[in-house]
Ligand code: G1P
């Protein structure tokens with residue numbers, strides 16, 4: 001098979017964000033901010049670091065916030081220039097580097113992740129591509145999760161899905177995979193199921209929102225019926241893909257924050273806050289005081 005390069009990434013951003021209402025009433029959940037940057041920007045930076053130069057956003061309602069975020073903000077830039085706020089200016093200019101292009105596709109109905117990915121079919125064509133779910137925020141340390149996956153893909157030319165161990169009683173929140181080798185970092189998937197109950201889950205290896213998929217997935221998605229939660233599930237199409245091609249589960253290096261949940265989102269803010277040079281000291285002092293206060297309350 002001809003070696004392919006991953007140059008395109010799909011960002012499904014059309015979900016309803018029900019777990020964060022009312023915050024997400026007029027704003028997509030991917031625009032919620034961890035410290036001072038929206039979740040979608042972290043995901044875009046991870047993709048760009050991995051060599052991706054075409055970003056495809058699958059929008060739902062409330063699409064303008066994301067489009068505006070990656071567009072030039074003339075008025076704001078002008079105001080900041082007048083006030084000589086160079087540092088602020090640098091933060092909003094070139095959020096997306098010049099060589100990277102953005103494409104926006106409207107998903108008119110929130111029919112599920114599988115349907116969102118299928119919306120990118122015409123733009124992707126016959127290439128392998130990446131999918132990033134921005135509510136999974138991943139701190140890959142020295143190398144981002146997508147870059148780790150692209151390196152694996154360059155070696156194998158096979159679809160790859162990021163996985164990590166999840167708590168046994170939470171398997172019904174994830175796609176769950178069964179692999180042929182439980183120790184290997186990159187193992188062949190034998191089975192994948194969307195959100196199985198703990199008693200029937202084939203393992204506790206959960207799918208995290210990073211995928212590299214071959215274009216074969218599109219014809220399978222076209223025939224995928226509604227699955228878990230009454231939605232067209234990407235997992236179900238991947239389950240069909242397994243019958244035709246090898247798909248691998250990749251245990252990435254890094255920490256993943258489930259920013260689709262309030263707990264994970266607050267944890268991410270805390271951790272990224274503690275890494276942020278401007279607020280680190282303040283946050284440490286505050287947490288110490290808070291800890292002291294709770295200890296006294298317990299007495
Ligand atoms: C989606 C996928 C699921 C995956 C999860 C990771 O579910 O359908 O397989 O494990 O993302 O975050 P969602 O969280 O959108 O319900």
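Nothing in this text is a laboratory measurement; each read-out follows from the coordinates by a stated rule. Since the structure is predicted, the reported quantities are computational estimates derived from the model, not experimental observations. Here Cβ is always computed from backbone atoms with ideal geometry, including for glycine, and neighbour counts include all displayed protein chains.
Compute the whole-percent fraction of alpha carbon pairs in the chain spaced more than 34 Å apart. Intermediate results must be reported in sequence, preceding the final value.
Values: 10123 of 44551 pairs.
That fraction is 23 percent.
Of the beta bridges DSSP finds with both residues in the chain, what % are antiparallel, to the nearest 5? Write down the numbers at each step before the final one.
On the way: 26 of 45 bridges.
Roughly 60 percent of the DSSP beta bridges within the chain come out antiparallel.
Beyond 22 Å, what share of the Cα-Cα pairs of the range 68-160 remains, rounded to the nearest whole percent?
Of all Cα-Cα pairs in the range 68-160, 53 percent lie more than 22 Å apart.
With the crude spin-label approximation of a point 7 Å out along Cα→Cβ, what separation in nm comes out for residue 4 versus residue 86?
Between residue 4 and residue 86, the label points sit 4.5 nm apart.
Run the quick spin-label model on residue 246 and residue 287: label points 7 Å from Cα toward the beta carbon, then report their separation in nm to one decimal.
If labels sit at residue 246 and residue 287, their model points lie 4.2 nm apart.
Take every Cα-Cα distance within the range 162-247, group them into 5 Å bins from 0 onward, and report for each bin the whole-number percent of pairs it holds.
Binned Cα distances yield the sequence 3, 15, 26, 26, 21, 8, 2.
Using just the helices of the chain, give the 222 nm mean residue ellipticity in deg cm²/dmol: DSSP H runs with n ≥ 4 each add -39,500 (n - 2.57), and the total is spread over all residues, rounded to 500. Mind dumping the intermediate values first?
On the way: 11 runs with 103 residues, N = 299.
So the calculated ellipticity at 222 nm is -10000 deg cm²/dmol.
Can you compute the modelled spin-label distance between residue 35 and residue 184, with each label point 7 Å from Cα toward Cβ, in nm?
Between residue 35 and residue 184, the simple spin-label model gives 3.7 nm.
Within 10 Å, count the other beta carbons around each residue, average over each peptide in 31-37, 86-92, and list them highest first.
Values: 31-37: 17.1, 86-92: 11.9.
Ranked by mean Cβ neighbours within 10 Å, highest first: 31-37, 86-92.
Taking the alpha-carbon set of the range 32-111, what are its Rg and Dmax in Å?
When restricted to the Cα atoms of the range 32-111, Rg and Dmax are 14.0, 46 Å.
Say we join alpha carbon atoms closer than 10 Å with springs in a Gaussian network model of the chain; which of 180, 53, 172 then has the biggest fluctuation?
Between 180, 53, 172, it is 180 that shows the largest mean-square fluctuation.
Enter the Cα centre distance for the pair the range 33-95 and the range 167-237, rounded to the nearest angstrom.
Cα centroid to Cα centroid, the span is 31 Å.
With N set to the number of residues, divide the alpha-carbon radius of gyration of the range 107-241 by 2.2 N^0.38 Å and report two decimals. Numbers along the way, then the final one.
Numbers: Rg = 14.5 Å, N = 135, 2.2 N^0.38 = 14.2 Å.
For the range 107-241, the normalised Cα radius of gyration comes out at 1.02.
Can you tell me, using C-alpha contacts under 8 Å and at least 6 residues apart, the relative contact order of the range 211-299 as a whole percent? Intermediate values should be presented prior to the final figure.
Numbers: 35 pairs, mean separation 11.0, N = 89.
Once normalised by length, the contact order is 12 percent.
So for 279, 284, 56, fewest C-beta neighbours within 10 Å to most, what's the order? The partial results should precede the final answer.
Working: 279 15, 284 12, 56 23.
Least crowded to most crowded, the residues run 284, 279, 56.
Under 8 Å for C-alpha pairs, at least 6 residues apart: give me the relative contact order for the chain, rounded to a whole percent. Walk me through the intermediate numbers first.
On the way: 526 pairs, mean separation 63.5, N = 299.
Reported relative contact order: 21 percent.
For the chain, with a Gaussian network of springs between Cα atoms less than 10 Å apart, report the residue from 65, 251, 116 with the top mean-square fluctuation.
Result: 65 has the largest fluctuation of those listed.
Among 247, 117, 166, which one shows the biggest mean-square fluctuation in a GNM of the chain, springs joining Cα atoms closer than 10 Å?
It is 166.
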